[in-house]
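Below is one structure; the comments refer to it alone.
The values are calculated or read from the model by the stated rules, or taken from the named source; none is laboratory data. Since we're looking at a predicted model, the values are computed, not measured. Cβ placement follows ideal geometry from the backbone for every residue including glycine, while neighbour counts extend to all protein chains displayed.
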Amino acid sequence: MSKTAVCQVIASGKKIILATHIRPDGDALGSTFGLAHLLMMLGKEVLCYLEQPITGVYSFLTSNIPIETDFDRVLAFANFAEQSGDGLVAVALDCGDLGRLGDNGNALICLSPFLVIDHHQGNKGFGDLHWIEPHRSSTGEMIYDLAEELGVADTLSQEAAQCLYTAIVTDTGSFRYDSTTSRTFAIAGRLIDQGVTPATVCQRLFDNATFGSLHLTQAVLASLQTYLDQQVAVISLTQKMLEETDTSYEDAEGLVDFPRSVKEVKVAVFLKEGEPGTEQISVSMRAKGDCDVAEVAAQFSGGGHRNAAGCRVLGKTMDEVCAMLIPALEQALLQTASEKK
Ligand SMILES: [Mn+2]
């Protein structure tokens, strides 16, 4: 659907529930909270549902945001909207598939209308209504479009602008990824005009290492293995590393950029052991150039973007996952090479 139609849906509701993907990143939280600010400016009653409270680097985005982690209370909010005749609208942001909405995803999409706003390539659209633009750098960028459409883009609060700027700067790898366009910079520029200080936001986001996270980096980088003539570099994270360095998954975010930054590397892979008892390995792949890792991820029921994709594998060891991925990556690299000819 078009952004004009999205605005009409949003206008129809007085109470709005916002949700995003589990283990939310900067774009997930920035776009969700950015939209929350916009809606509150328009006099809507908003509730942001998150499975877990926010404790880490993104805490600075939460001021004045109504966050609810108790799903029963989210349902009560929805029921009350229905009974009182205030229209209800539920929105999922930056979430590429239903599974990533978390344990209550199935219950969430029963809320109606349920609108999906996203930029993940391969998002087939769950819920009733979809506004999906896979070429956009971030969901945050799309929310800025929405602000324009709703006529509030020039009166954003500094907090709202900061949320959207965070969404954009994190999902573009600080304006470095392929999805970065002149529109991305134009929006970032306007957000700066509305009170965002890029250096302050970047310090909060990127200059917050601890010695624990530095030691975790050391351990993860020590796991480096290369394949296919050094075109593929694999690093791994184990539960033991997290325990020994007293860190969490969040501290490992972005480590895949180290192998990705090596000249010869075309695909960097980050394998993460799941929480104890889950027997799950999560796989993140980051590609440079034309190699389509979303297609590789799709072979293992995952998804994502052409240059950044992932999947989860159950009941296999790290080595088994690797043995499974390398031939698929080899195919993808061969295909890229042949397309170029
Ligand atoms: Mn995103």
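Worth pointing out:
- Cβ pairs under 8 Å, 6+ apart, first in the range 65-77 and without any contact (Cβ under 8 Å) to a residue 40 or more places away in the chain, second charged (D, E, K, R) and part of a helix (DSSP H, G or I): none
- Set side by side, the residues Phe71, Phe80 differ, and just one is aromatic (Phe, Trp, Tyr) and either surrounded by 15 or more Cβ atoms within 10 Å (Cβ to Cβ) or modelled with pLDDT of 95 or more (or both), which is Phe71.
- The residues on offer are Leu98, Leu115, Leu111, Leu129, and the sole one that is more than 16 Å from the ligand (Cβ to nearest atom) and over 21 Å from the mean Cα position of the chain (by Cα) is Leu111.
- The numbered conditions (1) in contact with a helix residue (DSSP H, G or I) (Cβ under 8 Å, 6 or more places away or on another chain); (2) of a type in the set (D, E, K, R); (3) surrounded by fewer than 19 Cβ atoms within 10 Å (Cβ to Cβ) are all true for Arg312 except (1).
- Being more than 21 Å from the chain's Cα centre (by Cα), surrounded by 13 or more Cβ atoms within 10 Å (Cβ to Cβ) and in a strand (DSSP E or B) is a property that holds for Ala233.
- Taking (1) on the phi > 0 side of the Ramachandran plot; (2) within 16 Å of the ligand (Cβ to nearest atom); (3) surrounded by fewer than 17 Cβ atoms within 10 Å (Cβ to Cβ) in turn, Gly173 satisfies each apart from (3).
Each row is one residue, and each column tells you yes or no for (1) closer than 16 Å to Ala5 by Cβ; (2) touching a Gly at 6+ places or on another chain (Cβ under 6 Å).
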position	(1), (2)
Asp70	no, no
Ala78	no, no
Cys110	no, no
Leu115	yes, no
Leu129	yes, no
Arg136	no, no
Ile143	yes, yes
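- Filter result (among the hydroxyl-bearing types (Ser, Thr, Tyr) and at pLDDT 95 or above) within the range 175-196: Thr180, Thr181, Ser182, Thr184
- Filtered by the rule that a residue be among the small types (Gly, Ala, Ser) and either closer than 25 Å to Gly173 by Cα or touching a helix residue (DSSP H, G or I) at 6+ places or on another chain (Cβ under 9 Å) (or both), the range 271-288 gives Gly274, Ser282, Ser284, Ala287.
- Residue-level analysis places Val262 outside the set of residues that are surrounded by 21 or more Cβ atoms within 10 Å (Cβ to Cβ), among the hydrophobic types (A, V, I, L, M, F, W, C) and touching a strand residue (DSSP E or B) at 6+ places or on another chain (Cβ under 7 Å).
- Criterion: surrounded by fewer than 18 Cβ atoms within 10 Å (Cβ to Cβ) and among the charged types (D, E, K, R) - qualifying residue of Asp292, Asp251, Asp319: Asp319
Residue-wise test of (1) closer than 26 Å to Ala308 by Cα; (2) at pLDDT below 95; (3) surrounded by fewer than 17 Cβ atoms within 10 Å (Cβ to Cβ); (4) of a type in the set (D, E, K, R).
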| residue | (1), (2), (3), (4) |
| --- | --- |
| Glu141 | yes, no, no, yes |
| Leu156 | no, no, no, no |
| Ala160 | no, no, no, no |
| Leu164 | yes, no, no, no |
| Thr217 | yes, no, no, no |
| Gln225 | yes, no, yes, no |
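- There is at least one residue in the range 221-238 that is acidic (Asp, Glu) and in the same structural domain as Gly315 (by TED's automatic domain parsing).
To keep it simple, each residue is scored yes or no on (1) at pLDDT 95 or above; (2) more than 18 Å from Glu133 (Cα to Cα); (3) out of contact with any Asp or Glu (no Cβ under 9 Å at 6 or more places or on another chain); (4) within 16 Å of the ligand (Cβ to nearest atom).
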| residue | (1), (2), (3), (4) |
| --- | --- |
| Val6 | yes, no, no, no |
| Arg23 | no, yes, no, yes |
| Asp27 | yes, no, no, yes |
| Leu38 | yes, yes, yes, no |
| Gly43 | yes, yes, yes, no |
| Tyr49 | yes, yes, no, no |
